[in-house]
Structures are given as C-alpha cells and as structure tokens.
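Contents: one structure, followed by commentary.
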Amino acid sequence: MIDIHSHVLHGLDDGAEDAGASLAMLQEAVALGVSTIVATPHVRDDYPTTAASMLEKVAELQRAAGVAALEIAVLPGGELAVDRLRLLPPEEVRLFALGGSSSSLLIEISPVESPLDVLEEVRRLAQEGFRCVIAHPERNAWVQSTPRAVEALVHSGALIQITAGSLVGRFGKSAQRTAQVLLDASLVHVVATDTHAAGDRGACLPGALRALRDPALAEWLTTAVPEAILAGRPLPNRP
C-alpha cells in the first residue's frame, strides 16, 4: 500500500513529536503493509512549513529508516492550506508536490471551508499544470450537509482523498456517513491515514479496508491510484 497523507516528520506541525515518534510511525506503517509513505506536513498560517525544512526532515527520516532496516520509502510532500498556497511562489509550491516529482498537490479543506472556495483554486492550479488531491472533505461541515458538493471539484479535475479513520467512525458518525456516500457515488479516489502518531489514525487502516468490503476497490484506493498519482500517470479504471 501507498500512504500519500501523513504527518510523520517531527518538529514541523502537530504530527510526530520527536525522531523516536517518527520512527515508531514508520514501524507501524510497515506492519500494516505500507511500502511507501508520503510525508505531508501542514503548510498553513499556524504551521508555516517551508519546502527546505520539509526536505531536510525527509532526508533525516530516510536515513533513520535505513539504519533501522525498515523496508519503506519515505517521500516528500505537503498538505497545503488554500490561503497559504496563494502566498507561495510557484517554485516553492512545486517542491511540495506529492512524491517530490509529480505534479499533484495535497490541498487541505478546512472543517468549515466551502468546497466552492477551493474550486477556484483547483481550476487555477490546473491551468498551471497541477492536479489537486483534496484532503478529507468528508470531515468538512459543508460536505457533510451536501456530500455531492464535491462533484464540481471532481469535474474540475481534482481527486478526492478520504481518511481511513472516517470509514470506521474515528471522526464521528457524520464523517463516516459522508465518506460512505462519497464512495457510493464514485467520488473517492484515495484512502490514506492522515496519521499523526503511532497507534492513532494509522491503526484504523485495517478496519477501513474491511469496511470497503471489496478487495479490488481497496487495492485501487490504497495502491493503484496513489501509485499513478506519484508517477504522474492517468488513473487506472475504477473496479
């Protein structure tokens, strides 16, 4: 499996507290069957992560994984808030692309932000050659009241990532129900952990795979599509 949304880097945001916590998260990921994890620290006003600091921490964690003989690839990325994104120069934005060499950006939709506010940014970025992956919209109040609100985002070329924990009720009944509605409407492209600590959100992954009830769909959401995103390829057909 490929986890394209994680807060495994320490010292940058509200994720791993220290180097030991980062390593514990990698150990958990390996145990869960994750072969590649994309480090996506927050890039927003309260966590103004720079691309340089993200890349430095990724290199540090890659070395630690090697010393610990963990068979997992750690790749760069970022979870970008729309308002922060507008302030960054294009060359900085590109360094936060998922995997480091793709043209896909993980865009955070806040709990109260309207999907229509994100839509304009999705279209702008598409004109600049970027593909947007919208992080956990099922946890957004607007989307919970009107799940099909994400259709406009998808029609504009965005991909939708839901959180594994949402599928098992980790974020409440509304998020769980909305995640299922989006799945049933074929509006979900990726399931990721959004892990912040070992034993927390990442631990929801096995339950999320069971909740999907279809091994072929689970493989598409957790391996085939993330792999295509990182490689910059068109998505494979949905099962």
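Beta carbons closer than 8 Å, at least 6 apart along the sequence or on distinct chains, pair a first residue in region 31-46 that is on the phi > 0 side of the Ramachandran plot with a second that is open to solvent by 40 Å² or more (accessible area, probe 1.4 Å) and of a type in the set (A, V, I, L, M, F, W, C) for Gly33/Met1. Look at (1) at pLDDT below 95; (2) closer than 30 Å to Leu23 by Cα; (3) open to solvent by 50 Å² or more (accessible area, probe 1.4 Å) and you find that Leu116 fails only one, number (2). Residues of region 194-208 that are touching a strand residue (DSSP E or B) at 6+ places or on another chain (Cβ under 9 Å) and within 21 Å of Leu106 (Cβ to Cβ): Asp194, Thr195, His196, Arg201, Gly202, Cys204, Leu205, Ala208. Evaluating Glu71 against the criteria (1) under 25 Å from Gly232 (Cβ atoms); (2) part of a loop (DSSP other than H, G, I, E, B); (3) open to solvent by less than 40 Å² (accessible area, probe 1.4 Å) leaves one unmet condition, (3).
Let's see how each residue does on (1) closer than 27 Å to Leu12 by Cα; (2) buried (at least 22 other Cβ atoms within 10 Å of the Cβ); (3) among the hydroxyl-bearing types (Ser, Thr, Tyr); (4) without any contact (Cβ under 8 Å) to a residue 40 or more places away in the chain:
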position: Gln176; (1), (2), (3), (4): no, no, no, yes
position: Leu183; (1), (2), (3), (4): no, no, no, yes
position: Val188; (1), (2), (3), (4): no, yes, no, yes
position: Leu205; (1), (2), (3), (4): yes, yes, no, no
position: Ala218; (1), (2), (3), (4): no, no, no, yes
position: Ala224; (1), (2), (3), (4): no, no, no, yes
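Give me the residue from region 122-155 that is open to solvent by less than 30 Å² (accessible area, probe 1.4 Å) and in a loop (DSSP other than H, G, I, E, B) and, out of that set, farthest from Val188 (Cα to Cα). Step by step, filter region 122-155, then rank; the result is Phe130. Pairing residues of region 14-25 that are in contact (Cβ under 8 Å) with a residue 40 or more places away in the chain with residues that are outside any helix (DSSP H, G or I) and open to solvent by 40 Å² or more (accessible area, probe 1.4 Å), at Cβ distances under 6 Å and at least 6 apart in sequence or on separate chains, gives Ala24/Ala198; Met25/Ala198.
The values are calculated or read from the model by the stated rules, or taken from the named source; none is laboratory data. Keep in mind that what you see is a predicted model, and the values were worked out from it rather than measured. Note that we place each Cβ from the backbone using ideal geometry, even for glycine, and neighbour counts take in every protein chain shown. The accessibility values were calculated without ligands, DNA or RNA, using every heavy atom of the protein model including side chains. Shrake-Rupley method; radii C 1.70, N 1.55, O 1.52, S 1.80 Å.
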